[in-house]
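The values are calculated or read from the model by the stated rules, or taken from the named source; none is laboratory data. In this text, all values refer to a predicted model and were calculated from it rather than measured experimentally. Here Cβ is always computed from backbone atoms with ideal geometry, including for glycine, and neighbour counts include all displayed protein chains.
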Amino acid sequence: MRILIYFMMVVSVLAGACSKDKGNYDYTKINKISIDNMLLGDHNSQRIYRVVNGDPLNFTPVITGTVSGSDTTNLRFAWVIEKDTIARTKELHTIANMGFGKLVGYYFVKDLTTNTVYTYNFTLEISNAASRGTYILAEDADHNAILYMHSALSVNNLFRPYSAFNDKAIGKYPVDLGLKINYGNSSTNYTYTVMTAARESDANVMEVFVNEMKPILFYNKSSFIEPSASFNITQYVRLVSATHNYILVDGKAHLMNKGAIGSVLYPGDPQNYDFGAQGLFTSRSLYSRLLAGWDYRNNKVRILMTANQAASDSYITSAEGPLDQSILAGYTFIKGFETSINGGFCYVFLMKKGDKLASFLITLNGYQSVNSLTKIAEATVPDLDKMIMPYFNFSNNFWYFAIGRSVYRTTVMGMELQKVFTLPEDQSGDIAAFAFNEGGTVSMENIGVCTYDPNSSKAMKGSFYLFNTVSNSFTETHLNVIQKPVAIQMGF
């Protein structure tokens with residue numbers, strides 16, 4: 001970038017005085033300094049340098065004068081962070097250890113020939129190593145939960161393990177992991193909060209602001225608005241950019257918000273729905289109005305609806321009545337998502353029968369009612385019984401799933417399986433969990449993959465790979481760095 005500071009010379013003429021132009025002028029050129037090779041922008045919010053605490057901090061500005069050129073003999077420099085001068089050199093090479101959070105920075109260049117000071121303002125955001133990166137929820141041999149954080153910002157490749165935050169343990173028997181994006185004053189200024197869920201814990205669900213490694217909300221049995229005998233949480237559902245958290249406890253759906261857990265959603269259901277352990281569909285836009293899930297008690301899809309389709313989460317009826325669900329007979333439910341196809345809301349879900357994988361579609365009339373249920377396609381999939389929980393990519397409406405050491409995909413409107421990749425033959429075990437990176441500025445470009453080999457002789461039997469879908473290549477491989485993976489989330 002080029003930053004020039006211009007000065008306006010104001011000439012005062014005394015009242016009653018006059019002078020005759022004698023044609024004597026000084027044409028000496030004034031040396032004006034430009035500061036290049038720094039971030040563009042007219043405001044500090046556009047000049048944010050993000051760095052991890054303890055990592056190297058390097059600035060290499062290019063200084064040019066209109067008269068002096070690249071000669072800096074008559075220039076003096078100063079780097080100031082907040083109120084502390086940390087260097088008096090043209091370039092800055094130091095360690096980012098000035099604290100956490102957003103710090104105001106200044107780069108001063110003084111021209112001794114004119115006594116002019118040029119200033120470049122910027123924001124230095126020093127964060128925890130994993131304020132952006134990969135988050136893996138795992139368990140050790142005794143089922144103690146461990147959250148691994150692998151930074152997308154740090155120059156090192158550590159997988160930092162955390163079993164507690166502020167002396168509050170994540171717990172035992174980890175269930176699921178959520179991720180929430182927190183935007184600042186621009187689309188490039190954001191942080192993440194991770195949510196851990198465990199069946200046995202004083203904080204069954206914990207929200208942690210990873211930028212500063214601080215727990216900010218806890219949920220447990222005492223968080224229920226109505227008394228509950230247990231907190232047998234089996235599923236946690238939240239989209240990165242959504243505002244709602246839904247959980248399944250003993251097959252019933254609950255809304256979590258601001259430290260409280262609401263009553264059973266649709267408590268008056270005459271069919272007494274049971275969404276089982278993982279039967280809740282993931283909502284993208286229809287949350288608070290419609291809530292779908294696979295009812296294991298009644299062997300069908302249920303679509304809970306609020307009064308007058310209001311965004312209230314007060315479900316008083318179900319909308320699936322007109323659907324002919326006889327086409328689902330004999331199938332086993334796998335996973336369901338809400339999405340949009342050709343501009344219309346719909347639910348898509350996968351089911352299996354033997355070695356057959358089938359895709360189904362429920363179309364909706366906005367928020368008002370259901371339209372139809374159809375089977376889109378079906379295909380024979382070898383080793384289907386080894387499939388791990390599939391992932392639905394909203395950006396391209398493709399299903400992704402893993403079998404063994406390979407990841408496959410198929411469009412939501414068909415069942416033509418395409419192999420995305422197969423992991424290298426490095427004896428790291430089969431895929432146990434995978435996910436795309438969501439949120440931020442490079443959403444859905446990378447797939448994080450966790451594997452697990454129970455027969456490994458290594459202390460850490462889990463490994464991690466990062467696959468870039470743009471270059472179609474693995475960009476990271478880390479063998480035997482984690483315990484048994486349960487869930488993964490990524491936010492870059």
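In the range 327-394, counting only strands (runs of 3 or more DSSP E) that sit wholly within it, the ones holding 3 or more residues that are among the hydrophobic types (A, V, I, L, M, F, W, C) and out of contact with any Cys (no Cβ under 7 Å at 6 or more places or on another chain) span 332-341, 344-353, 356-365, 369-380.
Residues checked against (1) crowded, with 21+ Cβ neighbours inside 10 Å; (2) of a type outside the set (S, T, N, Q):
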| site | (1), (2) |
| --- | --- |
| Lys221 | no, yes |
| Glu226 | no, yes |
| Phe231 | yes, yes |
| Arg238 | yes, yes |
| Asn245 | yes, no |
| Gly259 | no, yes |
| Phe275 | yes, yes |
| Leu280 | yes, yes |
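With the structure loaded, tell me whether Glu212 is over 18 Å from Ser127 (Cβ atoms) and in a loop (DSSP other than H, G, I, E, B) or whether it fails that test. No, not satisfied.
Only one entry of Asn365, Asn397 meets the criterion of being at pLDDT below 95 and either in contact with an Asp or Glu (Cβ under 7 Å, 6 or more places away or on another chain) or within 19 Å of Arg302 (Cβ to Cβ) (or both), and that entry is Asn365. Does the range 284-304 contain at least one residue that is among the aliphatic types (A, V, I, L, M), closer than 21 Å to Ala377 by Cβ and surrounded by 21 or more Cβ atoms within 10 Å (Cβ to Cβ)? For the range 284-304, residues among the aliphatic types (A, V, I, L, M), closer than 21 Å to Ala377 by Cβ and surrounded by 21 or more Cβ atoms within 10 Å (Cβ to Cβ): present.
When you check Ala435 against the structure, is it of a type outside the set (Asp, Glu) and touching a Gly at 6+ places or on another chain (Cβ under 6 Å), yes or no?
yes
When the range 180-213 is filtered for residues that are modelled with pLDDT of 90 or more and either closer than 19 Å to Gly448 by Cα or in contact with an Asp or Glu (Cβ under 7 Å, 6 or more places away or on another chain) (or both), the ones remaining, listed by number, are Thr193, Val194, Met195, Thr196, Ala197.
Looking across the range 4-60, the residues that are modelled with pLDDT under 85, closer than 30 Å to His93 by Cβ and among the acidic types (Asp, Glu) come down to Asp42, Asp55.
Residue count for the range 408-439 under the criterion of being among the small types (Gly, Ala, Ser) and farther than 17 Å from Leu177 by Cβ: the result is 3.
Criterion applied to Phe100, Phe77 was being touching a Ser or Thr at 6+ places or on another chain (Cβ under 8 Å) and modelled with pLDDT of 90 or more, and the one residue passing it is Phe77.
Only residues that are within 23 Å of Lys386 (Cβ to Cβ) and aromatic (Phe, Trp, Tyr): list them for the range 323-371, please. Hits for the range 323-371 are Tyr331, Phe333, Phe337, Phe349, Phe360.
Would you list the strands (runs of 3 or more DSSP E) that sit entirely within the range 429-492 and hold 2 or more residues that are β-branched (Val, Ile, Thr), over 12 Å from the mean Cα position of the chain (by Cα) and at pLDDT 95 or above? Qualifying strands (runs of 3 or more DSSP E): 446-452, 473-482.
Results for (1) in contact (Cβ under 8 Å) with a residue 12 or more places away in the chain; (2) farther than 27 Å from Gln489 by Cβ; (3) in contact with a helix residue (DSSP H, G or I) (Cβ under 7 Å, 6 or more places away or on another chain); (4) basic (Lys, Arg), shown as yes or no for each residue.
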| position | (1), (2), (3), (4) |
| --- | --- |
| Lys353 | yes, yes, no, yes |
| Lys356 | yes, yes, no, yes |
| Thr374 | yes, yes, no, no |
| Leu417 | yes, no, no, no |
| Gln427 | yes, no, no, no |
| Ile431 | yes, no, no, no |
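Pairs are defined by a Cβ separation below 7 Å, a sequence spacing of at least 6 or placement on different chains, a first member in the range 215-238 that is touching a residue at least 60 places away in the same chain (Cβ under 8 Å), and a second member that is in a loop (DSSP other than H, G, I, E, B) and buried (at least 17 other Cβ atoms within 10 Å of the Cβ); the pairs so defined are Gln235/Gln278.
Determine whether the range 316-323 contains at least one residue that is of a type outside the set (Gly, Ala, Ser), modelled with pLDDT of 90 or more, crowded, with 21+ Cβ neighbours inside 10 Å and not in a helix (DSSP H, G or I). Checking the range 316-323: not a single residue is of a type outside the set (Gly, Ala, Ser), modelled with pLDDT of 90 or more, crowded, with 21+ Cβ neighbours inside 10 Å and not in a helix (DSSP H, G or I).
Quick one: which residue in Ser443, Ser359 is closer than 25 Å to Ile482 by Cβ and among the polar types (S, T, N, Q)? None of the others qualify; the one that does is Ser443. In the condition set (1) at positive phi; (2) part of a strand (DSSP E or B), Gly99 is compliant with all but (2).
Here Leu265, Leu248, Leu255 are screened, and the one residue that is under 16 Å from Thr306 (Cβ atoms), hydrophobic (A, V, I, L, M, F, W, C) and outside any loop (DSSP other than H, G, I, E, B) is Leu255. Kindly indicate the residue of the range 372-411 that is more than 16 Å from Phe333 (Cα to Cα), of a type in the set (A, V, I, L, M, F, W, C) and touching a Phe, Trp or Tyr at 6+ places or on another chain (Cβ under 9 Å) and also surrounded by the most Cβ atoms within 10 Å (Cβ to Cβ) among those meeting that condition. It comes out as Ala402.
For Arg160, the criteria (1) farther than 22 Å from Asn245 by Cβ; (2) surrounded by fewer than 22 Cβ atoms within 10 Å (Cβ to Cβ); (3) in contact (Cβ under 8 Å) with a residue 40 or more places away in the chain; (4) of a type outside the set (Phe, Trp, Tyr) hold in every case but one, which is (3). Of the residues making up the range 350-379, those that are of a type in the set (A, V, I, L, M) and farther than 15 Å from Ser318 by Cα are Leu350, Met351, Leu357, Ala358, Leu361, Leu373, Ile376, Ala377, Ala379.
Taking the criterion of being surrounded by fewer than 21 Cβ atoms within 10 Å (Cβ to Cβ) and under 16 Å from Cys450 (Cβ atoms), the only residue of the range 140-151 that qualifies is Asp140.
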